[in-house]
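The values are calculated or read from the model by the stated rules, or taken from the named source; none is laboratory data. Fair warning: this is a prediction, and the values are worked out from it, not measured in the lab. Positions of Cβ are generated from backbone atoms using ideal geometry, with glycine treated the same way; all protein chains shown enter the neighbour counts. Quick note on the areas: whole protein, heavy atoms, side chains included, nothing else; ligands and nucleic acids left out. Shrake-Rupley method; radii C 1.70, N 1.55, O 1.52, S 1.80 Å.
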Amino acid sequence: MTDPLLSVRNLRVTFATRQGEFQAVRGVGFDLGRERLGVVGESGSGKSMTGRAILGLVRPPGRVTADRMELEGQSILNLSERKMRRIRGSRISMVMQDPKFSLNPVMTIGDQIIEAYRLHAGGAKGQARQKALDMLAAVQIREPERVMAAYPHEMSGGMGQRIMIAMMLAPDPEILIADEPTSALDVSVRTEVLNILDRLVRDRGMGLIFISHDLNLVAQFCDRVLIMYAGRIVETLSARTLHEARHPYTQGLLNSLPRLDAPVDRLPVLPRQDSWRDGGPVGESLETDLPGGL
Amino acid sequence: MLSLALTLLGLLLVTFIIGRVMPIDPVLKVVGDRASQAQYEAAYQAMGLDKPLVVQFFGYIGDVLTGNFGRSISTGQLVIDDIRHVFPATLELATLGTLIGVSIGVPLGVIAAARRGGIIDQVARVVALVGYSMPIFWLGLMGLLVFYGILGWVGGPGRQGIIFDGMVPSVTGLILVDSLIAGDWAAFRDAFSHIILPASLLGYFSLAYISRMTRSFMLEQLGAEYITTARVKGLSEGAVIWRHAFRNISIPLVTVIALSFGSLLEGSVLTEIIFSWPGLGQYITKSLLAGDMSAVLGGTIVVGVCFIALNLLSDLLYRVLDPRSK
Ligand SMILES: Nc1ncnc2c1ncn2[C@@H]1O[C@H](COP(=O)(O)OP(=O)(O)O)[C@@H](O)[C@H]1O
Ligand SMILES: [Mg+2]
């Protein structure tokens, strides 16, 4: 097999607090190919921190350590800020939760997309503008000319998130981290945004890390799923075989989903056990071949 | 615009009432202590004081709107002419002070926030604390002692050295500007050496305030999600701070700078006295001590109008800078 796009081993994110060290991520490891990898876990389980650590965006007092963090075979662990900046945006990018807050309110949408593109691709302003228009069209925004001149507050949530996707994909990164990209959106536009994201990521043969707390969504949308609990991966599953989950936490998550075909009065509460925090992961080993045979 | 008119009306009402309730008899001030009863009555009527208060108030509004603040009893001039004379001195000082405060305070606040807890942040904190707590008269006297008395680097009190007094034709009343217009470099250098010390002093106080406000606005913005977006794009820290965060704080900063400028316009009384600066603060204070109410109220109205104008200006700038307000 060839090198995976991204290979992470024993990733740890530690915060020094007054009560001692707090580990938000405790030894996470996975390989990412040109696939859609879901990361699921409850709030606070360290999903976002994992994403930010990959981008080198954990700010002090947070500290990142790992045995390995490689992008196409080259280590990106603790690179200098200068070198990391050349990777951010151009090779690994990220879409965040709420476009209301993640777009700059006083810059036009066009300027924000053009900035992202020109930073890495350079080129003339006119050419960058054309690229921005193309990207807006690619995320199915009608009247891209008008949207280019508009400000973020004039856009709806669904539009805003499509703009974010257009902006982050403009410099053609190989990996996109989508951190709960649809959690802040109306249910009615979620599918639409997901489909656009899916198509773009597939067409470009990118690797996608899709972070969510919604197991159902991830199961539909991803090839493989990592289940995180308290900063660790407790189980790795193929999305098709989710029902074969062996870890009690995953089983609990699956059972707490309401089902139309088997309605119940009360959904079961998920009881947690201390042993989950430190038990080893179950499921496929890290070193198995990546789907797609790349 | 309506709220603006109401504010102005409120200002006039307050100054009008103050003018009536002050324990100073305006008639007596005009006719003097030894006037006969008949003379007193005549003056009383001539000043319209026998008319109902409402009528008097409308008369007063008309007067103010036409720039008629009455005659100053201490200078014998029309108050409006006095103000035309002293206001540019204050304006020049406050403008230069604000320029100094902004050009140092804003970058200092931005850097302090960007390197929170670092050495520049600590220095900025101490500088601001000293600025807040140091009495201005002490600092002013020390400044004069050191830079004028001992080192001789700056001109002494007043706006100009004696030999330049009245040599520059007055166009704007701002001597720095007038001497430039006249192309008189010697006069410019002289005026500059006189204004630089008091302006630095005022600038220091405005710097203390502006740098603190800038820092706290900046910290708020640097924690926002769109800043993470900017970093994800791969932008340099400089671009993140100046192109993204700073553009967002420039909006509230406009108000802070306008407020600080306004307070220098009205509040530099002590500085003007220490540096014998013939400005509005000194004029109002002297008039107050002399019981010269027309001058005091005239000066007060000018200060009030300045505040209202600054508010209007910062509102307009707000609308230009913030796309969300459209
Ligand atoms: N600056 C910080 N100091 C201490 N703990 C932090 C800090 N930032 C985040 N954390 C902790 O890291 C943990 C993981 O957070 P996060 O990755 O955002 O969770 P998730 O995205 O899965 O909801 C949380 O428990 C959070 O409280
Ligand atoms: Mg999160």
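Being buried (at least 19 other Cβ atoms within 10 Å of the Cβ) and either among the hydrophobic types (A, V, I, L, M, F, W, C) or more than 30 Å from A:A219 (Cα to Cα) (or both) is a description that does not apply to A:A121.
Assessment of the range A:54-63 against the conditions (under 19 Å from the mean Cα position of the chain (by Cα), loosely packed, with under 13 Cβ neighbours inside 10 Å and within 16 Å of ligand 2 (Cβ to nearest atom)) yields at least one matching residue. B:V303: open to solvent by less than 30 Å² (accessible area, probe 1.4 Å), assigned to a helix (DSSP H, G or I) and β-branched (V, I, T), yes or no? Taking the combined requirement at face value, the residue satisfies it.
Determine if the range A:15-29 includes at least one residue that is away from chain B (no Cβ under 14 Å), open to solvent by less than 50 Å² (accessible area, probe 1.4 Å) and closer than 18 Å to A:L176 by Cα. Checked the range A:15-29: at least one residue is away from chain B (no Cβ under 14 Å), open to solvent by less than 50 Å² (accessible area, probe 1.4 Å) and closer than 18 Å to A:L176 by Cα.
What are the residues in the range B:208-226 that are among the aliphatic types (A, V, I, L, M), over 14 Å from B:I251 (Cα atoms) and open to solvent by less than 10 Å² (accessible area, probe 1.4 Å), if any? Within the range B:208-226, B:A208 is the sole residue that qualifies.
For A:S183, the criteria (1) within 12 Å of chain B (Cβ to nearest Cβ); (2) surrounded by fewer than 21 Cβ atoms within 10 Å (Cβ to Cβ); (3) of a type outside the set (D, E); (4) within 16 Å of ligand 1 (Cβ to nearest atom) hold in every case but one, which is (1). Screening A:R18 with (1) more than 10 Å from ligand 1 (Cβ to nearest atom); (2) modelled with pLDDT of 90 or more; (3) basic (K, R) gives one miss only, at (2). From the list B:D184, B:D165, B:D190, the lone residue that is of a type in the set (D, E) and open to solvent by less than 30 Å² (accessible area, probe 1.4 Å) is B:D190. One residue alone among A:M49, A:M84, A:M107, A:M94 is within 14 Å of chain B (Cβ to nearest Cβ), aliphatic (A, V, I, L, M) and surrounded by fewer than 19 Cβ atoms within 10 Å (Cβ to Cβ), and that residue is A:M84. Residue pairs whose Cβ atoms lie under 9 Å apart, sitting 6 or more positions apart in sequence or on different chains, and linking a residue in the range B:157-183 that is assigned by TED's automatic domain parsing to the domain that holds B:V146 and farther than 14 Å from B:T90 by Cα to a partner that is small (G, A, S) and open to solvent by 80 Å² or more (accessible area, probe 1.4 Å), are B:D178/B:S170. Taken together, the criteria place B:G152 among residues that are within 26 Å of B:P278 (Cα to Cα) and either surrounded by fewer than 18 Cβ atoms within 10 Å (Cβ to Cβ) or out of contact with any Pro (no Cβ under 9 Å at 6 or more places or on another chain) (or both).
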